[in-house]
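Take a look at the structure below.
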Amino acid sequence: MQVILGANGIIGEGLAKELRTNYTSEIKLVGRHPKKVNHDDVLFKGDLLNPEDVNKALENSEIAYLTVGLPYKSKVWLRDWPKIMQNVISGCKVNHCKLVYFDNTYAYPQDTKIQKEKTPLTSEGKKGKAKKIATQMLLNAIEAKEIKAVICRAPEFYGPDKTQSITNTLIFEKLKADKKPKVLLKDDVLRTLIYTPDASKAMALIGNTPETYGQTWHLPCDDHRLTYKGIMKEISKQLGRPIKYNRLPSFTLKIASLFSKNIKETLELLPRYTIDNIFDSSKFKNRFPDFEVTSYQEGIRNIIDDYEIK
């Protein structure tokens, strides 16, 4: 049995499909309101903040994938991520279950250095600190040999279906609604984005490769990075028409944050939108050279088709 903890986000759903296609027919989906992805999924209704629920969810399980998403609030992240990680570590330990943790780059410093698996977790943002605490708890458990675990880390998402990210929200969802797209701060710095189906497939591969455990892995991204200007140019090319967009300067966002809680919660991430963001996934590509990484051109085409953008 392989278990997905927090199963109904875009990564969890993609993971359930990939596991069912290539690895196992015994899949359990865990969440407060879990829904089947495959026809034969086992559903478990539980709260990851409740240690008894986590322990019971992991009974008779070989591998657990932690893909839960929390409300986008710093206060919630600082309060709940350590609790969830402790519950999952304890549950895996009791049930002799391996853990695959899906992490993001919030704890990385927001500078121009190339991000690699050994990049220090030194973010000063509240969400970054929450993720650092959770990750360090897991690293300590791995080092102490309490459990077998692996960390899979990904940069910002872009992708089809219900992918949630700044890029999807400000560009593709705006186009879908026949509105002018927006980009944050600068449109001439390089972005590293991960195509969400690639993230799910790569995580399933790592989780089912025994020698990957005890390590951190950057999930695979296209190395031919684009700026937001380049992304908009590619969209224009594929749609066969010029796409105009607005660039949101910092003072506009700071004023907007006074009236929008969502924008206020995003402010700590703004420095990474003023510089080249280079997330290196060469470790994964060297270990799994046959993995086909989706190009930005193909990913953009798939989103346009999925969103039915004309």
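Starting from residues that are among the aliphatic types (A, V, I, L, M) and part of a loop (DSSP other than H, G, I, E, B), keep the ones in the range 122-178 and report whichever is nearest to SER200 (Cα to Cα).
Initial filter on the range 122-178 (among the aliphatic types (A, V, I, L, M)): 130, 133-134, 137-139, 141-142, 144, 147, 149-151, 154, 166, 170-171, 175, 177.
Adding the requirement that they be part of a loop (DSSP other than H, G, I, E, B) leaves 144, 147, 154, 177.
Numbers: ALA144: 28, ILE147: 22, ALA154: 10, ALA177: 27 Å.
Per the criteria, the residue is ALA154.
Out of the residues in the range 61-91 that are more than 18 Å from the chain's Cα centre (by Cα) and outside any helix (DSSP H, G or I), which is surrounded by the most Cβ atoms within 10 Å (Cβ to Cβ)?
ILE63
So if I check each of ILE166, ILE194, ILE171, which one is under 19 Å from the mean Cα position of the chain (by Cα) and surrounded by fewer than 21 Cβ atoms within 10 Å (Cβ to Cβ)? First the steps, then the outcome.
On the way: ILE194 fails: surrounded by fewer than 21 Cβ atoms within 10 Å (Cβ to Cβ); ILE171 fails: surrounded by fewer than 21 Cβ atoms within 10 Å (Cβ to Cβ).
Just a single option satisfies the conditions, and that option is ILE166.
Tell me yes or no: at least one residue of the range 7-20 is more than 20 Å from the chain's Cα centre (by Cα) and surrounded by 21 or more Cβ atoms within 10 Å (Cβ to Cβ).
Within the range 7-20 (the criterion being more than 20 Å from the chain's Cα centre (by Cα) and surrounded by 21 or more Cβ atoms within 10 Å (Cβ to Cβ)), the answer is no, since none of the residues qualifies.
Results for (1) in contact with a helix residue (DSSP H, G or I) (Cβ under 7 Å, 6 or more places away or on another chain); (2) in the same structural domain as ALA141 (by TED's automatic domain parsing), shown as yes or no for each residue.
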residue	(1), (2)
TYR213	no, yes
PHE251	no, no
LEU267	yes, no
PRO289	no, no
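Please specify each residue of the range 238-273 satisfying the condition of being β-branched (Val, Ile, Thr) and more than 21 Å from the chain's Cα centre (by Cα). Let's see the steps before the verdict.
Residues of the range 238-273 β-branched (Val, Ile, Thr): 243, 252, 255, 263, 266.
Correct list: ILE243, THR252, ILE255.
Residues in the range 236-253: is at least one of a type in the set (Lys, Arg) and closer than 30 Å to TYR23 by Cα? If you could, list the steps in order and put the result at the bottom.
Applying the first criterion (of a type in the set (Lys, Arg)) to the range 236-253 yields 237, 241, 244, 247.
Now restrict to residues that are closer than 30 Å to TYR23 by Cα: none.
No, the conditions are met nowhere in the range 236-253.
Residue check, VAL100 against (1) in a loop (DSSP other than H, G, I, E, B); (2) buried (at least 23 other Cβ atoms within 10 Å of the Cβ); (3) not polar (S, T, N, Q), all met but one. Which one?
So VAL100 meets the others, but not (1).
Could you please give the count of residues in the range 108-128 that are buried (at least 20 other Cβ atoms within 10 Å of the Cβ) and either acidic (Asp, Glu) or more than 21 Å from VAL189 (Cβ to Cβ) (or both)?
1
Within the range 172-196, count every residue that is within 24 Å of ILE114 (Cα to Cα) and not acidic (Asp, Glu).
So in the range 172-196, the residues within 24 Å of ILE114 (Cα to Cα) come out as 183-196.
Cutting the leftovers down to not acidic (Asp, Glu) gives us 183-186, 189-196.
Total meeting the criteria: 12.
List every residue pair whose Cβ atoms sit under 6 Å apart, with the two residues 6 or more apart in sequence or on different chains, where the first one lies in the range 249-276 and is closer than 17 Å to ARG191 by Cα and the second, anywhere, is of a type in the set (Lys, Arg).
Short answer, once both residue conditions are applied: THR274/LYS186.
Quickly run through the range 281-310 and pick out the residues that are assigned to a helix (DSSP H, G or I), under 30 Å from PRO210 (Cβ atoms) and among the hydroxyl-bearing types (Ser, Thr, Tyr).
Scanning the range 281-310 gives a single hit, SER282.
Taking the options TYR245, TYR273, TYR213, name whichever one is surrounded by 15 or more Cβ atoms within 10 Å (Cβ to Cβ) and closer than 30 Å to ILE63 by Cβ. So that I can check it myself, show each step before the final result.
Details: TYR245 fails: closer than 30 Å to ILE63 by Cβ; TYR273 fails: closer than 30 Å to ILE63 by Cβ.
Of the residues listed, the single one that is surrounded by 15 or more Cβ atoms within 10 Å (Cβ to Cβ) and closer than 30 Å to ILE63 by Cβ is TYR213.
The values are calculated or read from the model by the stated rules, or taken from the named source; none is laboratory data. Small disclaimer: the values here were computed from a predicted structure and weren't measured. All Cβ positions, glycine included, derive from the backbone under ideal geometry; neighbour counts span all protein chains shown.
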